[in-house]
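*Asks:* One structure, as structure tokens, below. Some questions next.
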Amino acid sequence: MKEMQTTYNPRDFEDRIYAGWIEHKDFHARIDQKKVPFTIMMPPPNITGQLHMGHAMDETMQDTIARFRRMQGYSVLWLPGTDHASLATEHKIVEKLREEGIEKESLGREEFLRRAWEWKETYGGKIISQLKKLGCSCDWDRLAFTLDEKCSRAVREAFFRLYRKGLIYRGSRIINWCPDCGTALSDEEVAYSEDAGFFWHFRYPVKDSDEFVTIATTRPETMLGDTAVAVNPADKRYSALIGKTLILPLVGREIPVVADDYVDIEFGTGAVKITPAHDPNDFEVGLRHNLPMIRVMNDDGTINEEGGKFAGLDRYEARKRIVAEMEAAGLLAKIEPHAHNVGHCHRCNATIEPIVSKQWFVKMKPLSKPAIDAVVKNKTKFIPDRFAKIYFNWLENIRDWCISRQLWWGHRIPVWYCDCGEVICSVDTPSVCPKCGGTHLVQDEDCLDTWFSSALWPFSTLGWPEETEDFKYFYPTDVLVTGYDIIPFWVMRMMFSGIEYTGKVPFRDVLIHGLVRDEQGRKMSKSLGNGIDPLEIIEKYGADSLRLSLLTGVAPGNDTRFTDAKVESSRNFINKLWNASRFVLMNAKGEKPMKFEEVKLQPADRWIISRLQSTIREVTVSMQKYDLGIAADKLTDFVWNDFCDWYIELSKPALYGEDPERRRSALGVLFFVLENALKLLHPFVPFVTEEIWSYLPGKRSGIIAADYPRYNTKLAYKKEAKAFEGVIELIKTVRAMKVAVECPPSKKVHLFLVTDSKRLVTVNKNSILRLAGASEIDFISAGAEAGEKTMSQVCELGHLFVPLGELVDLEEEKARLEKELDRVMGEIARAGGKLANNNFVAKAPKKVVDDERAKLEKYIDMKAKLEKQLEELS
RNA sequence: GGGGGCAUAGCUCAGUUGGUUAGAGCGCACGCUUCACAUGCGUGAGGUCACAGGUUCGAGUCCUGUUGUCCCCACCA
């Protein structure tokens, strides 16, 4: 038999263990009508780069849940995949091309796409190998990619269905335009930040008069597209101006002064320049007043021919020149510093231009309503549920979704235009125009927002719209695990898409987690350079330590800080588990442990088995509620404190003793508890548990396929366990007494005990002597029998006396007893007060009252004993 | 302007439907070469649960308000 090494060294086995799981197809999901399916769709990481700590946590949570359910006997499908991330990836590739001195346009669509697929192979592959390093038990046979044929087909079908229902339309509206990426964006893809800017006050001359109207603007260059100035109808300062005509400076266009409630009298000058083509509010004003829309900017952010002499200038250069010319013309009234919110491209951070543009949109109102209802009716549940409010907030205020992108890397919009003007939407490429029979059909140049395909992920990956076996068995999915920052982008869109296309909510539960922050609580980001690479941590500490550290002390929905100290303490715990296992195996060497069923259980055995049962129950409940942090806490506490610090130590007299039956019995219990602990831990730390499992005798299949432990009432031994706590307390009492009087731990003391539990103490005598550092225990009927000067302490099992000998200062012992007496008196006052309250006695549950009474009695007894002892010492 | 989170030990955080003396890890103090483990063992110190009210027999937990702090959304041109 191979032997375990003295220290836990994850690098020795993690890769080997993973290869073994793959080889045995342990992750492969099987359609089995005798089993209940359990499905998790992995949020597909973008192929833009590599996994960061946030991914590591997200994936670890999913893997932990998947392994737990698999062991519970569900047919688990955890479907992995990656996202083409249209804009994000295209932006990266364009950047890379620029470094090589190549412009995207010069490559052409086809060549560009070829390179993009190359990129996908490289980075997609990297991500997958990272997932494997982490130990992810996903079904690689079903690996998906948002741009593969299966998903693309689903995208075309979805588009077609919405188009046919009139929920997709094409129109000219104000959209968010990124001049650097050269594409439209959805509202969600714009991030606002407060930037320092200026408020320029310009004078616009009134036609045929010496008067001026002063307007204020933060974007002077848009004045080239002004088609009116608006004032509030209630603003007396301007009432005479309404209806008059102004001459737009630098351009010379005549523009009207209109009255509109939109204008805030208090803000700025109370007069607003109106540029319908470049501002969403102005666009609305323009519609109300029938104003012309003049677009003055090109897609790349330069001024177009409408800008006259400014044509061709970049927007910021034009801004400078316009301000200078206005000043030269005496039309610049003043410049004030002004902080205002500016929209930035989510991907490249360039300043967004609101621009009127012809784009494709999804009508949201009819889709958002059922998505809201589904959560109201609890068909889908958020964990924690406060995120439902955020979800509602988004859906209730949602505007139509701009889905077209002027990009190449993505799903091409399935719409063709015929020379005759016919617009054809079709799942498959049409060859003739159904209206005129013409064959010259040109497909729309644009791509779809990447989230349009992500929205279909829970079912497109299962073959929808085909009624595949996978789809029928595994859909709807059980739980979606993702961060709160993704709710508006993705969760919401999967919800309305799932309901719209499949008639079912895509998942029952949405488990929301927070962000992984750095040690100082800052967001990990590239610009700060404070990101930590999960692979480096795995290299140093092993995947299990990383996993455990990402789950312990974390509550659903809350942000967490990542620190080396946390990984270290996880590593220490795993090392502890490793050594405890090694201890059990070493002691079993050459001998077959007794079958657990045959063991004649001792009190200590019943205690640890009882603790195991409550741990099983608590951990299972926590896992089912997705309280992974709590489950991990309970488990580490059980393994470290109960099993290692107590039970293993308690078992030593039997293991090292002369009685072979006792020895084999102890081993039987040790193996039983260890095996169960390993199973409970496996979802959290799969590698090390699988490795240790392989050393256990008689294990043919992996722990990954083992049955999850079940709570067994027959093994609960509640009463016996409670009684045994008394033994533990006794040992702790002796230790504490020794420390209090600075008696070296190695010095054995003689114990005298007044107790009703002689049998319990006798059975455990050897353990007590060993763990308490005692030489002998004698039962006595009164303290005086222990000698003249003794230390004493009331404990669960009775009254303990230890002769002071020459070691101890009498005063110290008196002080200790007085302190203890103080504490007990406090307790008597508290419990007594409670019980003196008639309301408490009458209204609180009987058990609570009875417990309180028992406590009071116990303390009164302790008080008497303490007082007697103090008297004897003085 | 709207919505939400957080405030508990020196630090980082847990705390289930209100019910023993509010917990953990790290840190700190003291003591241990105890034959699995110093990545360890033992013992301990440390908390008016932000503040003020309220509901209740009973509040860290529920309600109202205040303060501080963070996030999301909207937005004044």
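*Asks:* For region A:657-698, restrict the atom set to alpha-carbon positions and state the Rg and Dmax in Å.
*Replies:* In Å, with Rg to one decimal and Dmax whole: 12.6, 39.
*Asks:* Given N residues in region A:739-874, what is its alpha carbon radius of gyration divided by 2.2 N^0.38 Å? Write down the numbers at each step before the final one.
*Replies:* Values: Rg = 17.5 Å, N = 136, 2.2 N^0.38 = 14.2 Å.
Region A:739-874 yields a ratio of 1.23.
*Asks:* Given a 1.4 Å probe, how much area per residue of chain A is accessible, in Å²? Numbers along the way, then the final one.
*Replies:* On the way: 39240 Å² over 874 residues.
Normalised by residue count, the accessible surface of chain A is 45 Å².
*Asks:* Average the reciprocal distances over every distinct pair of alpha-carbons in region A:678-816, invert the result, and give the Kirkwood radius in Å. Mind showing how you got there, number by number?
*Replies:* Working: mean 1/r = 0.0555 Å⁻¹.
In region A:678-816 this quantity evaluates to 18.0 Å.
*Asks:* Hey, another quick one. Where the only charges are on Cβ atoms (+1 Lys, Arg; -1 Asp, Glu), what is the dipole of region A:640-787 about its Cα centre, to the nearest 20 debye? The partial results should precede the final answer.
*Replies:* Values: 21 positive and 18 negative charges, 48 e Å.
Roughly 220 debye for region A:640-787.
*Asks:* Here's a follow-up. Taking the convex hull of the alpha carbon atoms in region A:151-300, what volume per residue do you get, in Å³?
*Replies:* On the way: hull volume 22.5 nm³, N = 150.
It comes to 150 Å³ per residue, whole-number rounded.
*Asks:* In addition: Sort all Cα-Cα distances of region A:834-874 into consecutive 10 angstrom bins from zero, then give the percent of pairs in each bin up to the one containing the longest distance.
*Replies:* Calculated P(r), rounded to whole percents: 27, 35, 21, 14, 3.
*Asks:* At 1.002 mPa s and 20 °C, plugging the Kirkwood radius over alpha-carbon pairs of region A:804-874 into Stokes-Einstein gives what diffusion coefficient in µm²/s?
*Replies:* On the way: Rh = 13.7 Å.
The estimated diffusion coefficient comes to 156 µm²/s.
*Asks:* Can you tell which of A:A782, A:P556, A:Q869 lies farthest toward the positive end of the dipole of chain A, using +1 and -1 charges on the Cβ of basic and acidic side chains (Lys, Arg; Asp, Glu)?
*Replies:* Of A:A782, A:P556, A:Q869, it is A:A782.
*Asks:* Next question, about the same structure. Where the Cα atoms of region A:563-652 are projected onto their three principal axes, how long is each span, largest first, in whole Å?
*Replies:* Answer, in whole Å and largest first: 42, 28, 18 Å.
*Asks:* Using only Cα atoms, figure out Rg for region A:9-155 and give it as a multiple of 2.2 N^0.38 Å. Display every interim value, and only then the final one.
*Replies:* Values: Rg = 17.9 Å, N = 147, 2.2 N^0.38 = 14.7 Å.
Rg over 2.2 N^0.38 Å, computed on Cα atoms: 1.22.
*Asks:* So what's the net charge close to A:L287: Lys and Arg +1, Asp and Glu -1, counting the other residues with Cβ under 13 Å from its Cβ? Working shown, then result.
*Replies:* Numbers: positive: A:R173, A:R288; negative: A:D260, A:D279, A:D282, A:E284.
Summing Lys/Arg as +1 and Asp/Glu as -1 gives -2.
*Asks:* Volume per residue, Å³, of the convex hull around the alpha-carbon atoms of region A:227-311? All intermediate terms of the calculation are to be shown ahead of the outcome.
*Replies:* On the way: hull volume 8.5 nm³, N = 85.
Taking only Cα atoms, region A:227-311 has a hull volume of 100 Å³ per residue.
*Asks:* Separate question: Within region A:682-776, list the GluC sites (Glu not before Pro) lying in a DSSP loop whose Cβ has at most 16 other Cβ atoms in a 10 Å radius. Before the final figure, lay out the partial values.
*Replies:* Working: sites: A:E690, A:E691, A:E720, A:E725, A:E729, A:E742, A:E776; in loops: A:E742.
The qualifying sites are A:E742.
*Asks:* What are the equivalent ellipsoid semi-axes of region A:215-261, built from the alpha-carbon gyration tensor (square roots of five times its eigenvalues), in whole angstrom, biggest first? Could the numbers behind the result be given before it?
*Replies:* Numbers: eigenvalues 79, 32, 12 Å².
Here the semi-axes work out to 20, 13, 8 Å.
*Asks:* Here is a follow-up. Using only C-alpha atoms and all pairs of different ones, pull out the Kirkwood radius for region A:238-375 in Å with one decimal. Mind dumping the intermediate values first?
*Replies:* Numbers: mean 1/r = 0.0555 Å⁻¹.
Across region A:238-375, the inverse of the average 1/r is 18.0 Å.
*Asks:* At 10 °C and 1.306 mPa s, what whole-number value in µm²/s does Stokes-Einstein give for the translational diffusion of region A:771-844, with Rh from the Kirkwood sum over Cα pairs? Walk me through the numbers before you get to the answer.
*Replies:* Details: Rh = 15.2 Å.
The diffusion coefficient I find is 104 µm²/s.
*Asks:* Can I ask one more? What are the principal axis extents of the Cα atoms in region A:681-749, in Å, biggest first?
*Replies:* Ordered largest first, region A:681-749 gives principal extents of 53, 29, 23 Å.
*Asks:* In whole Å, what are the Cα extents of region A:586-721 along the three principal axes, biggest one first?
*Replies:* Rounded to whole Å, the extents work out to 47, 36, 24 Å.
*Asks:* Once you treat every alpha carbon in region A:113-162 as an equal point and sum by Debye, what is log10 I(q)/I(0) at q = 0.17, 0.22, 0.23, 0.25 Å⁻¹?
*Replies:* So the normalised log intensities work out to -0.68, -0.90, -0.93, -0.98.
*Asks:* What's the long-distance tail for region A:356-406, i.e. % of Cα pairs beyond 11 Å? Before the final figure, lay out each step's value.
*Replies:* Values: 922 of 1275 pairs.
Percent of Cα pairs beyond 11 Å in region A:356-406: 72.
*Asks:* Within region A:166-216, list the GluC sites (Glu not before Pro) lying in a DSSP loop whose Cβ has at most 16 other Cβ atoms in a 10 Å radius.
*Replies:* Answer in residue order: A:E211.
*Asks:* Return the tail of the calculated pair distribution for region A:381-536, meaning the percent of Cα-Cα pairs more than 28 Å apart. Don't jump to the answer; show the numbers that get you there.
*Replies:* Details: 5203 of 12090 pairs.
Of all Cα-Cα pairs in region A:381-536, 43 percent lie more than 28 Å apart.
*Asks:* How much of the pair distance distribution for region A:708-779 lies past 22 Å, counting alpha-carbon pairs only, in percent? Numbers along the way, then the final one.
*Replies:* Details: 815 of 2556 pairs.
In whole percent, the share of Cα-Cα pairs in region A:708-779 beyond 22 Å is 32.
*Asks:* Additional query: Taking the Kirkwood radius as the inverse of the mean 1/r across Cα pairs, report the Rg/Rh of region A:477-580.
*Replies:* Values: Rg = 17.4 Å, Rh = 15.9 Å.
In region A:477-580, Rg relative to Rh is 1.09.
*Asks:* Can you compute the radius of gyration and Dmax for region A:1-67, using only the Cα atoms, both in Å?
*Replies:* Both quantities, over Cα of region A:1-67: 16.3, 47 Å.
*Asks:* Right, next: I need the helices of chain A that pass two filters: whole DSSP H segments spanning 24 Å or more by Cα along the axis, and mean Kyte-Doolittle score no lower than -1.0.
*Replies:* Numbers: long enough: A:53-71 (27 Å, -0.74); A:564-588 (36 Å, -0.31); A:603-624 (32 Å, -0.20); A:660-681 (31 Å, 0.44); A:718-740 (32 Å, 0.07); A:810-836 (38 Å, -0.66); A:846-873 (41 Å, -1.11).
Those that pass (Cα extent of 24 Å or more, hydropathy at least -1.0) are A:53-71, A:564-588, A:603-624, A:660-681, A:718-740, A:810-836.
*Asks:* Let me ask something additional. Could you work out the local net charge near A:I247, counting Lys and Arg as +1, Asp and Glu as -1, over the other residues with Cβ closer than 10 Å to its Cβ? Display every interim value, and only then the final one.
*Replies:* On the way: positive: A:K207, A:R253; negative: A:D208, A:E254.
Computed value for this residue: 0.
*Asks:* Assuming R0 = 51 Å, can you tell me the calculated FRET efficiency for the pair A:D851 and A:L287, based on Cβ-Cβ distance, to the nearest 0.05?
*Replies:* Numbers: r = 72 Å, r/R0 = 1.41.
Rounded to the nearest 0.05, the efficiency is 0.10.
*Asks:* Same structure, new question: Give me the net charge of A:L313's neighbourhood, meaning all other residues with Cβ under 13 Å from the Cβ of A:L313; Lys, Arg count +1, Asp, Glu -1. Could the numbers behind the result be given before it?
*Replies:* On the way: positive: A:K309, A:R315, A:R319, A:K320, A:R321; negative: A:E221, A:D300, A:E305, A:E306, A:D314, A:E317, A:E325.
Taking every Cβ under 13 Å from that of A:L313, the sum is -2.
*Asks:* Here is a further query. Using only alpha carbon pairs under 8 Å that are at least six residues apart, calculate the relative contact order of chain A and give it in whole percent. Working shown, then result.
*Replies:* Values: 1484 pairs, mean separation 109.5, N = 874.
In percent, rounded to a whole number, it is 13.
*Asks:* Oh, and also: State the three equivalent ellipsoid semi-axes of region A:51-136, derived from the C-alpha gyration tensor as the square roots of 5 times its eigenvalues, in descending order and whole Å. Intermediate results must be reported in sequence, preceding the final value.
*Replies:* Numbers: eigenvalues 261, 31, 17 Å².
So the equivalent ellipsoid measures 36, 12, 9 Å along its semi-axes.
*Asks:* Using just the helices of chain A, give the 222 nm mean residue ellipticity in deg cm²/dmol: DSSP H runs with n ≥ 4 each add -39,500 (n - 2.57), and the total is spread over all residues, rounded to 500.
*Replies:* Values: 29 runs with 369 residues, N = 874.
Calculated mean residue ellipticity at 222 nm is -13500 deg cm²/dmol.
*Asks:* Separate question: For chain A, what does the equivalent ellipsoid look like in terms of its semi-axes, each the square root of 5 times an eigenvalue of the Cα gyration tensor, given largest first in whole Å?
*Replies:* On the way: eigenvalues 1001, 256, 114 Å².
Over the Cα atoms of chain A, the ellipsoid semi-axes are 71, 36, 24 Å.
*Asks:* Taking the convex hull of the alpha carbon atoms in region A:351-442, what volume per residue do you get, in Å³?
*Replies:* 191
*Asks:* Given all pairs of different Cα atoms, what value in angstroms does the Kirkwood hydrodynamic radius of region A:322-377 take?
*Replies:* On the way: mean 1/r = 0.0598 Å⁻¹.
Evaluated on region A:322-377, it is 16.7 Å.
The values are calculated or read from the model by the stated rules, or taken from the named source; none is laboratory data. Computed from a prediction, not measured in an experiment: that's the story for all the values here. Here Cβ is always computed from backbone atoms with ideal geometry, including for glycine, and neighbour counts include all displayed protein chains. The accessibility values were calculated without ligands, DNA or RNA, using every heavy atom of the protein model including side chains. Shrake-Rupley method; radii C 1.70, N 1.55, O 1.52, S 1.80 Å.
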